[in-house]
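Peer 1: To start, I am sharing the structure in question, which I have written as structure tokens.
The values are calculated or read from the model by the stated rules, or taken from the named source; none is laboratory data. Keep in mind that this is a model prediction, so the values were computed, not measured. Counting neighbours? That spans all protein chains shown, and the Cβs are built from the backbone with ideal geometry, glycine included.
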Amino acid sequence: MSTTPANGWSQQDSEAVIRATDEKLRDALSSDVPPGLTTEEAARLRRTLLDALPREAAQGARRLCHVFATDRERLREAEAKQRTRLAREASAVERLSLHLRVQHMILFSSCILLIITGLPIKFHESAVSGAVMSLFGGPSVTGFLHRAGAVGLTLIGLYHIFYSVAFRSGRRDFGLLIPKLQDAKDALRQILYFIGRRKERPLYGRFSYIEKFDYWAVYWGMVVMISSGFILWFKEAAINGFGKSIYDIAREAHSDEALLATLAIVIWHFYNVHFNPKRFPGSLTWWNGKITVDEFKEEHPLEYEEWRLSGKVAGEQEAAGEAPPGDNA
Ligand code: HEM
């Protein structure tokens, strides 16, 4: 397969020029008279070729140099890119374990399915809802898919409770996610910083008040959506067991909280995680679990300090290639 560099001049082209130049050289230096030419004509041809040779050879050489220079430049660029990528990877820390990432993926896949099938049921009179439902295969398939998403959400919710009790990392994170008075102070300080009344942002640990709010909003939302959803699902049993007014309240709560949850995800969660200017056009932490050391230092400075003291991450001097004090004793 021929490789054609960006300048349009391939290795095969270079070889063809060398071959043609070789042939011309051979002809020009040959004392034979080519058939059909007189001796004078052959001598004139030899002179013309000899005149043209240095020009063609120089052109060929220039082209070859250009090809090689371009290739070398591209190689250098590729190596530089590779070095930057490796340096970035080496300076990343794991924020979300694989275990948490899988839970998060199941959670958001179920939520997306529930939103895109639930909203057309809520706004069934709109033409867009009709189009979405027929895309899924009609109202009954949409209802079925909604229930499938509900099963996914319920199972992952139950599993997360199990994870928060049975796993050390789950217990640690759950403890750190419990709201404290400090979060209210942080929220106030952050607002004062935003309006220019404080010079410094508050310093956060593993979870800021924003992340805690995000987490508990999902918890609260799941309790409301799952309990009201099952009442809607098993309508007759629910009316027989709890009465019609409970069913009506559940329907209202399910319908309103669905809209609130959708807006909270699209506005609050997406802005904080993906669309804020530091992260735009998006964060890949949900996929690879990583954040850069710089992000870690800036957004979770108290946790970074804990990691540094326990030797889990290099300090600034070490990251810059300097030996930490006392290491050279
Ligand atoms: C993120 C979570 C969820 C969202 C956004 C959501 C959204 C919705 C919406 C907008 C409706 C239409 C309500 C109306 O008619 O005004 C609905 C109906 C319904 N939802 Fe959900 N839902 C969620 C979770 C659940 C869960 C967990 C269950 C079950 C455990 C569930 C079961 C149902 C049922 C049975 C209906 C009635 C469907 C029908 O009429 O065919 N939903 N949902």
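Peer 1: For the range 162-181, check the following and say yes or no: at least one residue is among the small types (Gly, Ala, Ser), surrounded by 14 or more Cβ atoms within 10 Å (Cβ to Cβ), more than 26 Å from the chain's Cα centre (by Cα) and within 14 Å of the ligand (Cβ to nearest atom). Please lay out each step first, then the result.
Peer 2: Our first condition is that a residue be among the small types (Gly, Ala, Ser); within the range 162-181, this holds for 164, 166, 169-170, 175.
Now restrict to residues that are surrounded by 14 or more Cβ atoms within 10 Å (Cβ to Cβ): 164, 170.
Filter again for more than 26 Å from the chain's Cα centre (by Cα), leaving 164.
When the remaining residues are screened for being within 14 Å of the ligand (Cβ to nearest atom), the result is none.
No, every residue in the range 162-181 fails to be among the small types (Gly, Ala, Ser), surrounded by 14 or more Cβ atoms within 10 Å (Cβ to Cβ), more than 26 Å from the chain's Cα centre (by Cα) and within 14 Å of the ligand (Cβ to nearest atom).
Peer 1: Tell me, which residue of the range 84-121 that is within 15 Å of the ligand (Cβ to nearest atom) and among the β-branched types (Val, Ile, Thr) is surrounded by the fewest Cβ atoms within 10 Å (Cβ to Cβ)?
Peer 2: Out of the qualifying residues, it is Ile112.
Peer 1: Which one is nearest to Ala253 (Cα to Cα), of the residues in the range 122-131 that are surrounded by 12 or more Cβ atoms within 10 Å (Cβ to Cβ) and within 12 Å of the ligand (Cβ to nearest atom)?
Peer 2: Step one: filter the range 122-131 for residues surrounded by 12 or more Cβ atoms within 10 Å (Cβ to Cβ), giving 122-124, 126, 129-130.
Of the ones still in play, those that are also within 12 Å of the ligand (Cβ to nearest atom) are 122-124, 129.
Values: Lys122: 12, Phe123: 15, His124: 18, Ser129: 21 Å.
In this case the residue turns out to be Lys122.
Peer 1: Then there's this: I'd like to verify a number: residues in the range 200-217 that are within 16 Å of the ligand (Cβ to nearest atom) and crowded, with 18+ Cβ neighbours inside 10 Å, how many? Even if it seems obvious, please write down each step before you answer.
Peer 2: Taking the range 200-217 as the starting set, the residues that turn out to be within 16 Å of the ligand (Cβ to nearest atom) are 214-217.
Those left that are additionally crowded, with 18+ Cβ neighbours inside 10 Å: 214.
Number satisfying all stated conditions: 1.
Peer 1: Give me the helices (runs of 4 or more DSSP H) completely within the range 234-309, filtered to those with at least 1 residues that are in contact with a helix residue (DSSP H, G or I) (Cβ under 6 Å, 6 or more places away or on another chain) and farther than 30 Å from Tyr204 by Cα, ordered by residue number.
Peer 2: Values: elements: 235-242, 244-263, 285-288, 293-299, 301-309.
Fully inside the range 234-309 and qualifying: 235-242, 244-263.
Peer 1: Here is a further query. Is the range 132-147 home to any residue that is within 16 Å of the ligand (Cβ to nearest atom) and within 24 Å of the chain's Cα centre (by Cα)? Talk me through it step by step, then tell me what you get.
Peer 2: Start the filter on the range 132-147 by keeping residues that are within 16 Å of the ligand (Cβ to nearest atom), which leaves 132-134, 136-147.
After this cut, where a residue has to be within 24 Å of the chain's Cα centre (by Cα) as well, the list is none.
Checked against the condition, which is being within 16 Å of the ligand (Cβ to nearest atom) and within 24 Å of the chain's Cα centre (by Cα), the range 132-147 yields no hits at all.
Peer 1: Sticking with this structure for a sec: Looking at (1) within 16 Å of the ligand (Cβ to nearest atom); (2) part of a helix (DSSP H, G or I); (3) of a type in the set (Asp, Glu), can you tell me which one Asp186 breaks?
Peer 2: Single failed check for Asp186: (1).
Peer 1: Oh, and also: Scan the range 148-161 for residues that are near the ligand (Cβ under 8 Å from one of its atoms) and either hydrophobic (A, V, I, L, M, F, W, C) or not assigned by TED's automatic domain parsing to the domain that holds Ile106 (or both) and jot them down.
Peer 2: So the first thing to find is which residues in the range 148-161 are near the ligand (Cβ under 8 Å from one of its atoms), and the list is 149-151, 153-154.
Once the filter is applied, which keeps residues that are near the ligand (Cβ under 8 Å from one of its atoms) and either hydrophobic (A, V, I, L, M, F, W, C) or not assigned by TED's automatic domain parsing to the domain that holds Ile106 (or both), the range 148-161 yields Ala150, Val151, Leu153.
Peer 1: Sticking with this one: Given the residues Leu188, Leu232, which is the only one that is modelled with pLDDT of 95 or more and under 23 Å from His300 (Cβ atoms)? First the steps, then the outcome.
Peer 2: Working: Leu232 fails: under 23 Å from His300 (Cβ atoms).
Only one candidate passes the filter, namely Leu188.
Peer 1: Quick check, is Arg197 surrounded by fewer than 13 Cβ atoms within 10 Å (Cβ to Cβ), under 26 Å from Ser110 (Cβ atoms) and more than 16 Å from the ligand (Cβ to nearest atom)? Give the steps one after another, and end with the answer.
Peer 2: On the way: surrounded by fewer than 13 Cβ atoms within 10 Å (Cβ to Cβ): yes; under 26 Å from Ser110 (Cβ atoms): no; more than 16 Å from the ligand (Cβ to nearest atom): yes.
No: the conditions fail for Arg197.
Peer 1: Same structure, new question: Output the residue which, of all residues in the range 256-280 that are among the charged types (D, E, K, R) and more than 12 Å from the ligand (Cβ to nearest atom), is nearest to Val224 (Cα to Cα).
Peer 2: Pass one, the range 256-280, residues among the charged types (D, E, K, R): 256-257, 278-279.
Within this subset, residues satisfying the condition of being more than 12 Å from the ligand (Cβ to nearest atom) are 278-279.
Working: Lys278: 33, Arg279: 31 Å.
Per the stated criteria, the residue is Arg279.
Peer 1: Taking the conditions exactly as written (within 16 Å of the ligand (Cβ to nearest atom) and buried (at least 18 other Cβ atoms within 10 Å of the Cβ)), does Ile226 satisfy them or not? I'd like the intermediate steps shown before the answer.
Peer 2: Working: within 16 Å of the ligand (Cβ to nearest atom): yes; buried (at least 18 other Cβ atoms within 10 Å of the Cβ): no.
Criteria not met by Ile226.
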